[in-house]
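The values are calculated or read from the model by the stated rules, or taken from the named source; none is laboratory data. Bear in mind that the values here come from a model prediction, so they are computed numbers and not experimental data. Ideal geometry is used to build each Cβ from the backbone, glycine not excepted, and the neighbour counts take in all protein chains shown. Heavy atoms of the whole protein, side chains included, go into the accessibility calculation; ligands, DNA and RNA do not. Shrake-Rupley method; radii C 1.70, N 1.55, O 1.52, S 1.80 Å.
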Amino acid sequence: METNINNREVAIQLSGVKKQYKLGQIGGGTLQGDLQSWWARLRGKEDPNTIIGQNQRLVGQSFMALNGIDLTVYKGEALGIIGGNGAGKSTMLKLLSRVTAPTEGSIDIYGRIASMLEVGTGFNGEMTGRENVYMNGAILGMTKAEIDAKMEDIIEFSEVREFIDTPVKRYSSGMYVKLAFSVAAHLDSEIMIMDEVLAVGDMAFQKKCLDKMRDAAKEEGRTVLYVSHNMNTIRQLCDRCVVLDKGKVIFEGDVESAIDVYMQNKMVEAKVDYEYSKLSVRPKHVREDVRITHLKLIDKEFPSYELKEPVWFNMRIKARKAFKNLKLRLEVRYGDETPVGTVPALIIGELNAETTGNYKVRFDTKELVSGKYSISMVLYEVDEFGNSHDLDLLLPAIRFELQGDDELVWNHGAWGHVVFQEANAWKI
């Protein structure tokens, strides 16, 4: 085990790590995607499967997912890794978990790693939950007796006792997460690597996971690397934080300073005119027959507003088929991705086939304190049975900043982001 000048034991050492991917070649993930890319190249058109908004990292037909990472992680440390989408967070964790190898540089790891990079990582769908526990323990070099000693704790923590002898291919995503996290947290490993694992699952289980990771670092001396877009969980768990952007470390230090850097960096992306006609800016599962194609803040040259000033924007929706009962949900988040609130059901109504609808939307900010915010948009349809179906998602859609003097010096971390109406008090 290496140590640094302060005699702290090193758990992970990255030196000049780069990861390069080849673009426009077979291996896009699906046969359909590969054929789309091939046909676009044949016609001299833009590849519809190429990640957009990151051209500065394109070198010919190569993409630098990580571009020179130097980082030291110490034993017993809970390190947060934050950054925007495409910053390189998941790529870094895949390298550390040895899912893939770096193109350049070296990675030294001192200890066994238990990682959870996505739902069901390391599980065989045909095997039962119990069999998967044994398999994961064997991969870590544990004997059957050692796994048996921890089996009851794993089952109890996972909350899936009645399904532990059921093939995991029949598990819901929440059950997958519960068992996978329990396995990673309880089996003998010196390093835990978690990538947005708390995005799935109920709130009570999320809290239990945070408590377990905190105990693993503070009491058991294990090293925890945690990626999340939820800054509150980063605050609760981590001692130190790294901010990634475009494949590079742009900040390394205390958690609050890291969150400030992350928020400032995201505001650089803020603008008043948003073109969303390409499907490639959406999650992969959204519909193609209706989409929000354009958003523009009204009468603004920069997305900055005074306190209590409403946000007005124009929105364009294009439909290829007819829709009868379209609605729009606005999900508001603070600049550090903390949820603020939701406008659940703006009525869009009917939209005929092969038409474009233009709308003017007003969002009221009178209860928000100063700071940086984003609004995500979910376009959905309600069927004749009252069931809602998501059709298009922009996560986030627009960003804006509220400026002004709050009545108090506002503590966002302790008080939230909303000022409630005053309560009344009477002398009795």
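The residue that is modelled with the lowest pLDDT, among those in region 151-190 that are more than 24 Å from the chain's Cα centre (by Cα) and within 15 Å of M116 (Cβ to Cβ), is L187.
Among the numbered criteria (1) in contact with a His (Cβ under 7 Å, 6 or more places away or on another chain); (2) open to solvent by 10 Å² or more (accessible area, probe 1.4 Å), which single criterion is violated by I154? In the conditions (1) in contact with a His (Cβ under 7 Å, 6 or more places away or on another chain); (2) open to solvent by 10 Å² or more (accessible area, probe 1.4 Å), I154 misses (2) alone.
Looking at region 147-161, which of its residues are within 17 Å of F205 (Cα to Cα) and part of a helix (DSSP H, G or I)? The answer is D153, I154, I155, E156, F157, S158, R161. The number of residues in region 311-336 being more than 22 Å from E275 (Cα to Cα) and either in contact with a Lys or Arg (Cβ under 9 Å, 6 or more places away or on another chain) or of a type in the set (D, E) (or both) comes to 2. Only one entry of K94, K18 meets the criterion of being at pLDDT 90 or above, surrounded by 13 or more Cβ atoms within 10 Å (Cβ to Cβ) and over 23 Å from H285 (Cα atoms), and that entry is K18. If a residue must be open to solvent by less than 30 Å² (accessible area, probe 1.4 Å) and not in a helix (DSSP H, G or I), how many such residues does region 167-193 contain? Number of matching residues: 6.
For region 206-294, list the strands (runs of 3 or more DSSP E) that sit wholly inside it and hold at least 3 residues that are open to solvent by 20 Å² or more (accessible area, probe 1.4 Å), modelled with pLDDT of 90 or more and within 21 Å of T72 (Cβ to Cβ); which are they? Strands (runs of 3 or more DSSP E) meeting the threshold: 248-253.
E196 meets the conditions (1) within 18 Å of the chain's Cα centre (by Cα); (2) open to solvent by less than 30 Å² (accessible area, probe 1.4 Å) in every case but one. The failed one is (2).
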